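Visitor: Sharing a structure, written as structure tokens. Questions coming.
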Amino acid sequence: MTCTETEILLHALLDGELDAGHAREVEVHVAHCPHCGAQMRAYRELQQAMPAAQLRFTAPASLRRRIEKTFPAAPQRASSRRSVLKGFVMGTALSTAMAASLVVAVFRTDQDQRVLGDIVSAHVRSLQANHLTDVQTSDQHMVKPWFNGKLDIAPPVVDLTAKGFMLLGGRLDYIDGQAVASIVYRRRKHVINLFVTQGAASESHAAQLQTMQGYNVRRWAAQGLEFFAISDINGEELQEFVEKFDAALHPPKGA
């Protein structure tokens, strides 16, 4: 296991999220690598220090008095009970709507980051010895049926060897607790994992580039499926892969 792979998994080890096999590999590497060992000790010290730190403070009463003196008191105006109640109801409804929108936005962002983190972790795991493919073949007609009965979806598989992206095979992986298909390609010496998951039937959007821990990820949705292409090749080449994959799936009429 390399330092790059270990650094990605250090936090998962501290939080007890790794299985026994990967936990053992990380612990062995940390025990023999001064750099990763120092990083692990620093993370442990931070983890132990945070619960003891006083991270909550109460503002003194004098601060409230100074703020109240800064702003003049609002003039008293007579108003009916009905107008007061109406304003209260409208304000409550507006606050509720804003709070709900904020919660949805925060939840979606957190979920996206969690999925992206799982994508990177799965990609790194696949680069370890004997983890890259479950079915090793460049024949797309053998890779596609291999997934039958293993998933609720039928992932599309295309051979892009003639386009500069060699098909290596496929494997079963797990993203966000769900079994997904991974179709594996190679660009020169670089591995590309294409993860295919169930998406919303009505959702479709162009590929978006995201970067995490030195890896580029192109994410897009089409035909009720969601795709994640990840590799350490540059963003332009990864976009080229996405375009050629999509073109192979949707050849022009008459071709």
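Laboratory data are not the source of any read-out in this text; all were calculated from the coordinates shown. No experiment lies behind these values; they were computed from the predicted model shown. Note that we place each Cβ from the backbone using ideal geometry, even for glycine, and neighbour counts take in every protein chain shown.
Visitor: Determine, from the Cβ-Cβ distance of Q198 and T70 and an R0 of 45 Å, the FRET efficiency 1/(1 + (r/R0)^6), rounded to the nearest 0.05. Don't skip to the end; give the middle numbers.
Guide: On the way: r = 56 Å, r/R0 = 1.23.
Calculated value: 0.20.
Visitor: Work out the FRET efficiency for L172 and A38 from their Cβ-Cβ distance, taking R0 = 35 Å, and round it to the nearest 0.05. Spell out each step's value before the answer.
Guide: Details: r = 36 Å, r/R0 = 1.04.
Efficiency, from the Cβ-Cβ distance: 0.45.
Visitor: Quick one: in segment 133-249, what % of C-alpha pairs are over 19 Å apart? If you can, show how the numbers build up before the last one.
Guide: Values: 2867 of 6786 pairs.
I get 42 percent for the Cα pairs in segment 133-249 exceeding 19 Å.
Visitor: What dipole magnitude, in Debye to the nearest 20, does segment 157-207 give about its Cα centre under +1 on Lys/Arg Cβ and -1 on Asp/Glu Cβ?
Guide: 440 debye
Visitor: Something else now. Looking at the square roots a ≥ b ≥ c of the eigenvalues of the Cα gyration tensor of segment 3-48, which shape do they give, rounded for a/c under 1.5, prolate if a/b is larger than b/c, or oblate? Don't jump to the answer; show the numbers that get you there.
Guide: On the way: a/c = 1.81, a/b = 1.10, b/c = 1.65.
Oblate shape, in that a/c is at least 1.5 and b/c is the bigger or equal ratio.
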